[in-house]
Amino acid sequence: MKDNIVIHGLTFRPFLSRQQIAERANQLGQRISRDYQGKRPLFLAVLNGAFIFAADLMRACEIDCAITFIRLASYEGLASSGQVKTVIGLQEDIKGRDVIIVEDIVDTGQTMSQFMPQLEQMEPASVALASLLVKTEALECEVDIKYTGFEIPNKFVIGYGLDYDGLGRNIPEIYQLAD
Ligand code: 5GP
């Protein structure tokens with residue numbers, strides 16, 4: 001893992017290694033495989049940030065499962081805007097399906113606390129949330145996160161799908177904004 005990196009003039013320091021992330025994604029995949037034994041869950045990966053985590057989590061699942069990608073873009077710059085825009089790209093009929101939402105990070109919880117009830121209205125058999133990262137101290141809403149990768153401090157992070165103004169998604173590890 002490289003030393004500090006600079007993106008758009010901001011310095012980020014190493015936070016979670018490839019190995020830590022891979023191990024955790026595998027553990028969660030195994031848990032999901034056990035919890036959904038005999039079922040065929042549909043992963044709903046939230047673009048853009050969750051695409052890499054969703055790919056790893058899905059490959060760690062040993063049961064039949066499907067995936068689709070949606071967009072909720074509610075975020076610009078360094079802080080969440082707290083506004084949820086329309087759900088784009090949900091073509092599947094999720095009625096009667098066991099849905100697992102895959103998120104990169106839950107910060108204030110606004111996005112998920114608004115989106116999950118919307119999803120419930122589509123009458124899925126069940127809805128669970130898997131989030132790689134959770135900023136526990138930043139949570140403002142009650143969000144039921146069934147599968148948490150890492151609880152992290154309230155600092156901006158990039159890498160492994162997460163960006164800072166469009167850059168950093170390709171970094172295989174997770175970096176945290178330096179003080
Ligand atoms: P929430 O609605 O929970 O406050 O925010 C969720 C969204 O904000 C995430 O899906 C993500 O797009 C964005 N976000 C929150 N914190 C961070 C962060 O530390 N880094 C990045 N890259 N995005 C973040």
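The numbers here are math on the coordinates, done by the rules we state, and not lab data. What you are looking at is a predicted structure, and each value in this text was computed from that prediction instead of being measured. Cβ placement follows ideal geometry from the backbone for every residue including glycine, while neighbour counts extend to all protein chains displayed.
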Q. When the helices in the chain are scored as -39500 (n - 2.57) per DSSP H run of 4 or longer and the sum is shared across all residues, what 222 nm value do you end up with, to the nearest 500 deg cm²/dmol?
A. -6500 deg cm²/dmol
Q) If you place +1 on the Cβ of every Lys and Arg, -1 on the Cβ of every Asp and Glu, and leave all else neutral, what size is the dipole of the chain about its Cα centre, to the nearest 20 Debye? A) 380 debye
Q) Which one of I105, Y160, C65 has its Cα pushed farthest toward the positive end of the charge dipole of the chain, where Lys and Arg give +1 and Asp and Glu give -1 at the Cβ? A) C65
**Q.** Amide H contacts under 5 Å for G109, placed H, 5+ residues apart
**A.** E140
Q) Taking +1 at the Cβ of each Lys and Arg and -1 at the Cβ of each Asp and Glu, which of S131, I145, L177 sits farthest along the dipole of the range 119-177 towards its positive end, judged by Cα position relative to the Cα centre? A) L177
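Fewest to most neighbouring Cβ within 10 Å: what's the order for E173, E103? Display every interim value, and only then the final one.
Working: E173 18, E103 27.
The fewest-first ordering by Cβ neighbours comes to E173, E103.
Can you put K95, K155 in order of Cβ neighbours within 10 angstrom, beginning with the fewest?
The most exposed by this proxy come first: K95, K155.
Rounded to a whole number of µm²/s, how large is the Stokes-Einstein D of the chain at 20 °C and 1.002 mPa s, given Rh as the Kirkwood radius over C-alpha pairs? Kindly include the intermediate steps, with their values, before the conclusion.
Working: Rh = 16.5 Å.
Stokes-Einstein gives a translational diffusion coefficient of 130 µm²/s.
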